[in-house]
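Could you have a look at this structure, given as structure tokens, before my questions?
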Amino acid sequence: MRWSHSFHPTLRDDPADAEAVSHKLLVRAGFMRQLMAGVYSLLPLGHRTVQKIANISRDEMNKIGAQECLLPSLHPREVWEKTGRWDAIGPEMFRFKDRRDSDVLLGMTAEEIFAHTAGELRSYKQLPQIWYQIQTKFRDEARPKSGLMRTREFIMKDSYSFDIDEAGLDHAFQLHFDAYRRIFKRLGLDTIAVEASSGSMGGSQSVEFMVRAEAGEDWVATCGACGYAANTEKATSMLPPVDDAPGPEAPEKFATPGVRTIADLVDFEGGAPADRQIKTLVYRVDDKTVLILMRGDHALVEQKLVDQVEAALIRPAGDGEIQAAMGASAGSLGAVGVDDLFVIADEALRGRRDMTTGANEDGFHLRGVDIDRDIDVKAWLDLREVRAGEGCPGCEKPLELVKTIEVGHIFKLGTKYSEPLGVTVLDENGKAVPIIMGSYGFGVTRNMAAVAEARHDDKGLKWPINVAPFEVVVSVLNVKDVDTVEAGERIYEALQAAGIDVVIDDRDERPGVKFKDAELIGIPYRVTVGPRGLKEGNVELVRREDGSARDLAVDHAVETIVEAVLHERR
Ligand code: ATP
Ligand code: MG
């Protein structure tokens with residue numbers, strides 16, 4: 001590749017709207033451009049790196065015997081309707097009508113379509129199967145963010161396993177777990193595998209692969225002592241036991257003028273510390289109003305509620321709905337004496353006595369509340385957000401919270417898709433049984449951003465060889481000097497012949513410009529060919545990773561460079 005005829009539009013300044021480092025650098029280094037919110041064009045450099053990441057995932061999928069397919073991104077409503085997801089998924093799904101007035105959608109993922117395709121399987125003897133694709137996905141994300149990290153159109157490697165029984169699924173899941181570990185290793189990413197919520201995907205178990213990063217959006221609770229790791233959407237912790245005094249015989253109402261929040265009541269004369277308060281949240285769960293009780297200092301994890309309550313739609317009630325259901329506004333709510341609404345309480349409130357909560361009358365609270373005695377709790381659930389320092393559920397040592405990017409997510413689905421779609425095979429006894437499925441997602445474009453987050457310095461990107469758009473740049477310092485050009489061209493051609501991904505910087509630019517661009521783009525090796533070095537019979541090899549430089553004799557340069565590159569390829 002000749003730089004003089006390439007489109008590598010590097011910029012001096014960061015894009016104005018970018019916060020994440022990967023977003024800034026991928027734009028500045030000419031890998032991509034934003035077309036509209038959450039939608040990016042991949043330019044030649046970006047496309048090269050994305051293809052390398054895709055190929056690593058392809059290679060590891062092929063190694064576990066997975067077969068590559070390419071299923072459409074345009075899906076009919078009917079298949080998604082049968083599994084319930086046409087209705088269950090909200091505005092995140094892009095949907096529209098075609099010219100025949102039929103409903104169609106753009107695939108956010110492809111469980112339905114792969115399951116539909118598996119409908120052709122007839123016998124258990126054809127199982128197991130693993131199929132995958134590397135295909136564009138569409139999600140109308142509420143908050144597209146951080147460049148390629150959260151986009152509305154992105155590339156995913158998604159695979160699907162089909163087995164006759166749970167043991168088969170366990171095996172396919174383990175194969176993917178190991179393959180994903182290898183993929184991330186080849187990308188140069190350190191990942192933490194964590195227990196996760198399965199969200200709208202359903203199924204029994206899921207594991208996310210997370211990379212620590214400031215720009216991440218997920219919090220993970222980890223235990224350095226026993227290795228416990230879980231997304232806070234799912235994580236639990238141990239709290240120190242509390243020994244409450246019994247308190248009065250019955251709750252006592254007291255005036256709390258001006259108190260609106262938990263913090264207000266902490267400061268209020270005669271109030272209560274946050275961990276002695278009961279916070280009452282009003283939720284709409286499908287068409288019902290439900291009260292959620294949390295300890296005053298604890299936060300609700302909505303995803304935990306979604307995972308444990310069967311419902312298509314769960315949302316906080318609006319002010320008007322709260323007033324209508326409770327007869328009071330958000331600052332004075334409580335569940336004492338409430339018998340017409342479903343009350344769910346967080347496990348951390350079990351057995352608590354002498355607590356303080358709203359009286360369902362603006363400007364009044366109740367103290368001396370004994371949960372078992374005074375509140376008709378219909379369900380106890382774990383809904384609480386874990387905090388750093390709380391006890392690990394495995395070993396009680398303090399938990400740490402780290403900010404991460406989710407780079408892959410694997411699910412045991414079971415029969416959630418095969419059953420409604422009637423995807424069965426005949427088992428050993430000739431009986432039709434639904435196929436047991438797993439699904440496995442790897443965000444190709446998000447991984448490019450994750451590598452950029454993990455590997456950069458103040459000069460620019462620092463790609464590992466495996467995913468660098470070019471492995472080597474040959475910088476020809478004076479393109480008007482015939483000897484220099486000739487030497488550069490010879491090295492360039494020899495590297496190309498040796499199978500190295502090489503670009504020759506043959507632009508008529510100052511050396512400083514060439515070096516800056518190569519550093520910003522993050523090309524792992526730069527060979528500098530200049531008149532001065534050549535006079536001594538040398539070229540210079542600079543390694544982007546650590547900036548180390550060494551002179552190589554022109555005649556042996558190619559050998560050394562090839563060796564260095566091959567050594568780093570994985
Ligand atoms: P998130 O919680 O970050 O929204 P998800 O749980 O919705 O992710 P999955 O449905 O499991 O993601 O998709 C599999 C993989 O696809 C993710 O691990 C991630 O790498 C990638 N991915 C998901 N959503 C996006 C997006 N909006 N933009 C880019 N990549 C994405
Ligand atoms: Mg998502």
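Can you tell me which residues in the range 98-132 are assigned to a loop (DSSP other than H, G, I, E, B) and among the polar types (S, T, N, Q)?
S102, T109
Then there's this: Please go through (1) at pLDDT 95 or above; (2) in a loop (DSSP other than H, G, I, E, B) for D264 and return the number of the only condition it doesn't satisfy.
Condition (2) is where D264 drops out.
Within the range 83-97, is even one residue away from ligand 1 (no atom under 11 Å from the Cβ), in contact with a strand residue (DSSP E or B) (Cβ under 8 Å, 6 or more places away or on another chain), in a loop (DSSP other than H, G, I, E, B) and under 30 Å from Y40 (Cα atoms)?
Checked against the condition, which is being away from ligand 1 (no atom under 11 Å from the Cβ), in contact with a strand residue (DSSP E or B) (Cβ under 8 Å, 6 or more places away or on another chain), in a loop (DSSP other than H, G, I, E, B) and under 30 Å from Y40 (Cα atoms), the range 83-97 yields at least one hit.
Please give the strands (runs of 3 or more DSSP E) falling wholly within the range 401-486 in which 1 or more residues are open to solvent by 50 Å² or more (accessible area, probe 1.4 Å) and over 30 Å from F209 (Cα atoms).
424-426, 432-434
Checking K82 against (1) free of Cβ contacts under 8 Å to residues at least 60 places away in the same chain; (2) surrounded by 14 or more Cβ atoms within 10 Å (Cβ to Cβ): exactly one of these is not met. Which one?
(1)
Being touching a residue at least 12 places away in the same chain (Cβ under 8 Å) and either under 30 Å from L25 (Cβ atoms) or away from ligand 2 (no atom under 14 Å from the Cβ) (or both) narrows it down to one of R143, R100, R150, so name that one.
R150
Taking interchain pairs and intrachain pairs at least six residues apart, which have beta carbon atoms under 6 angstrom, with the first residue in the range 185-199 and open to solvent by 30 Å² or more (accessible area, probe 1.4 Å) and the second more than 13 Å from ligand 1 (Cβ to nearest atom) and at pLDDT 95 or above?
R186/I56; R186/N466
Can you pull out the residues in the range 545-561 that are under 36 Å from the mean Cα position of the chain (by Cα) and either assigned to a helix (DSSP H, G or I) or in contact (Cβ under 8 Å) with a residue 60 or more places away in the chain (or both)?
E545
I'm checking my understanding of the structure. Among residues of the range 119-146 that are small (G, A, S) and either more than 21 Å from S41 (Cβ to Cβ) or modelled with pLDDT of 95 or more (or both), which one is farthest from ligand 1 (Cβ to nearest atom)?
S123
Shifting gears a bit: Here are the criteria: (1) more than 20 Å from A518 (Cβ to Cβ); (2) assigned to a loop (DSSP other than H, G, I, E, B). Tell me which single one P9 does not satisfy.
(1)
The values are calculated or read from the model by the stated rules, or taken from the named source; none is laboratory data. No experiment lies behind these values; they were computed from the predicted model shown. Positions of Cβ are backbone-derived with ideal geometry, glycine not excepted, and every protein chain shown enters the neighbour counts. Areas reflect the complete protein model, heavy atoms only, side chains present, ligands, DNA and RNA absent. Shrake-Rupley method; radii C 1.70, N 1.55, O 1.52, S 1.80 Å.
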